[in-house]
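Structure record follows, encoded as structure tokens.
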């Protein structure tokens, strides 16, 4: 297994539509950076959010998730309440090849502000918009800037195809188009 470079990511995105839309360089002037980097791709957060609220005093149950636990928000800046979180989606749509696995990590600009971004690995042959979980670990509200970088995807390519891909097992989050809540 090897980590893939910017040249490989660019080729796969152009030839195989692995990332759409694809930004060929790292954009960083007056924004949290996004686009192609040396060994990864910095993805952008869209302007659609689901902000966690405890107004209904619900219990979080991944087997029976109540969508009333969130308030929908659309805008240029999302304010995540103190010690809370929000869900969002990527601007980019991904189509992961059968012999590739990705890991996604938060960007240092947000991490240094107490913002943790959690994204599960993109399994072989998974495709869709990425649902992003943004945790504010601080005792203060925190701003997230829409249409700017939020996290970086690192691509690992295996020497051989996997026996069973995410597509083969009809994964429940396959081809998701918006912010996708937990499913059983």
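Here are the numbers for the structure shown:
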{"quantity": "Label corresponding to Rg and Dmax of the Cα atoms in Å when calculated from the structure given, among (i) 17.7, 58; (ii) 16.0, 51; (iii) 16.6, 50", "calculated": "(iii)"}
{"quantity": "Choice from 20, 95, 169 showing the highest fluctuation, given a GNM over the chain with Cα pairs closer than 10 Å", "calculated": "169"}
{"quantity": "Neighbour-count order for 48, 125, fewest beta carbons within 10 angstrom listed first", "calculated": "48, 125"}
{"quantity": "Likely footprinting exposure, 8, 126, fewest C-beta neighbours within 10 Å first", "calculated": "8, 126"}
{"quantity": "Choice from 98, 44, 89 showing the highest fluctuation, given a GNM over the chain with Cα pairs closer than 10 Å", "calculated": "98"}
{"quantity": "Gaussian network model of the chain, Cα within-10 Å springs - most flexible of 140, 132, 87", "calculated": "140"}
{"quantity": "Relative contact order of the chain, pairs being alpha-carbon contacts under 8 Å that are 6 or more residues apart, as %", "calculated": "28 percent"}
{"quantity": "Sorted by Cβ density within 10 Å, fewest first, the residues 45, 32, 164", "calculated": "164, 32, 45"}
{"quantity": "Estimated FRET transfer efficiency when R0 is 30 angstrom, pair residue 161-residue 24 (beta carbons, to 0.05)", "calculated": "0.60"}
{"quantity": "Calculated FRET efficiency for the pair residue 103/residue 169, C-beta based, R₀ 22 Å, to 0.05", "calculated": "0.65"}
{"quantity": "The chain - mean residue ellipticity at 222 nm from DSSP helices (-39,500 (n - 2.57) per run, n ≥ 4, rounded to 500)", "calculated": "-2000 deg cm²/dmol"}
{"quantity": "Helix 6-16 axis, angle to the chain major axis (alpha carbon atoms, nearest 10°)", "calculated": "90 degrees"}
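Read-outs: derived from the displayed coordinates by stated rules, not from any lab. Worth saying up front: this structure is predicted, and the values here are computed from it rather than measured. Virtual Cβ from ideal backbone geometry, glycine too; neighbours counted across all protein chains shown.
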